[in-house]
Amino acid sequence: MEACGGTTIAPERSACVGEQEHAEWIRDVRRAIREADTDFFRVSPWRYWTDFVVSLVAAYTAAGLYLSAPLGSWPQLVAFPIAAFWLYRLGSLIHEVCHLGEHEMTAFKTAWNALVGVMTLMPSPFFTRHHRDHHSQRLYGTAEDPEYVANVMEGGNPASLAVYAAAVVAFPGIVFLRFLLAPLSFVHPAVREWTLRRASALTLNRRYERRLTAADRRAILLVEIPCFLRAALIPLLVLLGLNPWTRIPLLYALAVGTVLLNQMRQLADHHFEGDGGRVDLEAHILDSCNFTTNDPLTLLLFPFSIRFHALHHLFPSLPYHNLQAAHEHLAAVLPADSPYHALARPGWWSVARRTLVGAANG
């Protein structure tokens with residue numbers, strides 16, 4: 001079961017209406033989605049596969065040109081931002097893999113992990129659990145929330161902002177070493193347990209401790225083996241003379257560029273106004289953002305309509321390709337004084353600026 005709007009998401013698609021008492025306007029939003037003529041929870045497999053294949057071809061083509069072009073040449077310089085963007089877009093589909101039901105589109109999830117998760121060292125078993133914890137009403141906005149940016153910018157001052165930037169730059173290297181050194185985690189059960197709980201989530205929040213089920217342990221082990229082989233292959237090909245030594249810094253730069261785009265997006269997923277304590281569902285949603293404009297930065301940083309982020313937190317099982325249509329439906333049927341309308345923000349920078357300035361001013 002997965003966190004849904006602060007409660008639970010059943011594996012099957014539903015309107016996610018729980019038994020808890022929530023603010024009247026949230027009940028109105030859920031009722032409007034449940035009673036709509038359109039089934040917004042219906043998954044369109046062809047849309048998932050189309051977005052996946054297009055992003056895969058574009059990302060790997062641009063990355064191949066970037067890696068094979070002469071060092072410092074204009075084709076390489078031009079290919080770099082294109083490759084970083086498409087790799088970010090391709091990698092963003094891990095979010096959609098996470099929110100699919102356990103037995104839903106298994107071929108798609110397998111293909112994504114084999115062709116992307118392993119190749120880029122970000123397999124979905126290292127993301128799904130902590131992302132669902134981010135949606136959990138028990139953890140959202142607390143110090144253990146793995147995706148709450150305020151937890152990484154500790155202290156809200158220039159020094160913490162610098163630490164955050166350094167963490168973004170270091171993150172690809174940390175992930176690489178996590179998989180390259182994976183066999184060492186088996187030297188002792190205590191080391192293995194620490195590795196599973198503290199080093200098996202793609203998060204910058206060092207205080208996050210992963211809760212593990214037996215299924216989690218099996219899933220992690222299943223992807224660790226091919227990810228170890230992939231990580232080991234990078235330096236091995238250089239040592240064998242099959243790749244130039246520059247391949248390693250080039251890959252690292254590409255990984256940093258991709259992670260940077262992701263962290264830039266996270267600066268504006270929420271307002272990050274929590275004080276570290278638990279909040280109710282209404283505060284959770286009001287702390288989240290819907291970006292309804294089509295300015296270039298917003299479209300760049302929020303692929304696959306995840307810019308309707310507050311709506312996503314209300315209905316985590318709502319397929320990404322239906323978010324905009326569901327938002328437009330709510331905008332049309334909800335009363336003018338519904339707080340839902342106030343979730344709309346003019347663009348990414350309008351929120352990200354407050355996050356960054358707040359951190360800079362302390």
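The values are calculated or read from the model by the stated rules, or taken from the named source; none is laboratory data. Since the structure is predicted, the reported quantities are computational estimates derived from the model, not experimental observations. All Cβ positions, glycine included, derive from the backbone under ideal geometry; neighbour counts span all protein chains shown.
Looking at the stretch 123-139, which of the residues that are in contact with a Gly (Cβ under 7 Å, 6 or more places away or on another chain) and either of a type in the set (Phe, Trp, Tyr) or surrounded by 23 or more Cβ atoms within 10 Å (Cβ to Cβ) (or both) is nearest to Leu177 (Cα to Cα)? Ranking the qualifying residues of the stretch 123-139, first place goes to Pro123.
Can you find a residue in the stretch 318-335 that is among the small types (Gly, Ala, Ser), within 15 Å of the chain's Cα centre (by Cα), crowded, with 21+ Cβ neighbours inside 10 Å and not assigned by TED's automatic domain parsing to the domain that holds Leu87? No, the stretch 318-335 contains no residue that is among the small types (Gly, Ala, Ser), within 15 Å of the chain's Cα centre (by Cα), crowded, with 21+ Cβ neighbours inside 10 Å and not assigned by TED's automatic domain parsing to the domain that holds Leu87. Within the stretch 299-327, the set of residues being of a type outside the set (Phe, Trp, Tyr) and free of Cβ contacts under 8 Å to residues at least 60 places away in the same chain comprises Leu299, Leu301, Ser305, Arg307, His309, Ala310, Leu311, His312, Leu323, Gln324, His327.
Output yes when any residue across the stretch 101-108 is closer than 28 Å to Ile220 by Cβ and in contact with a strand residue (DSSP E or B) (Cβ under 8 Å, 6 or more places away or on another chain), and no when none is. No, that holds for no residue.
Yes or no: Leu239 more than 21 Å from the chain's Cα centre (by Cα) and hydrophobic (A, V, I, L, M, F, W, C)? So Leu239 fits the description; yes.
Matching residues to (1) in a loop (DSSP other than H, G, I, E, B); (2) without any contact (Cβ under 8 Å) to a residue 24 or more places away in the chain:
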residue	(1), (2)
Asn243	yes, yes
Ile248	no, yes
Met264	no, no
Glu273	yes, yes
Leu297	no, no
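Out of everything in the stretch 72-104 that is modelled with pLDDT of 95 or more, among the hydrophobic types (A, V, I, L, M, F, W, C) and more than 16 Å from Leu56 (Cα to Cα), what residue ends up being surrounded by the fewest Cβ atoms within 10 Å (Cβ to Cβ)? My answer is Trp74.
Can you tell me which residues in the stretch 146-184 are assigned to a loop (DSSP other than H, G, I, E, B) and over 25 Å from Ser136 (Cα atoms)? Reasoning before the result, please.
Start the filter on the stretch 146-184 by keeping residues that are assigned to a loop (DSSP other than H, G, I, E, B), which leaves 146-148, 152-157, 181.
Matches in the stretch 146-184: Asn157, Leu181.
Please indicate, with yes or no, whether at least one residue in the stretch 150-164 is surrounded by 18 or more Cβ atoms within 10 Å (Cβ to Cβ), without any contact (Cβ under 8 Å) to a residue 60 or more places away in the chain and farther than 29 Å from His270 by Cβ. Within the stretch 150-164, none of the residues are surrounded by 18 or more Cβ atoms within 10 Å (Cβ to Cβ), without any contact (Cβ under 8 Å) to a residue 60 or more places away in the chain and farther than 29 Å from His270 by Cβ.
Only a single criterion out of (1) under 20 Å from Leu93 (Cα atoms); (2) of a type outside the set (Ser, Thr, Tyr); (3) not in a helix (DSSP H, G or I) is not satisfied by Leu311, namely (3).
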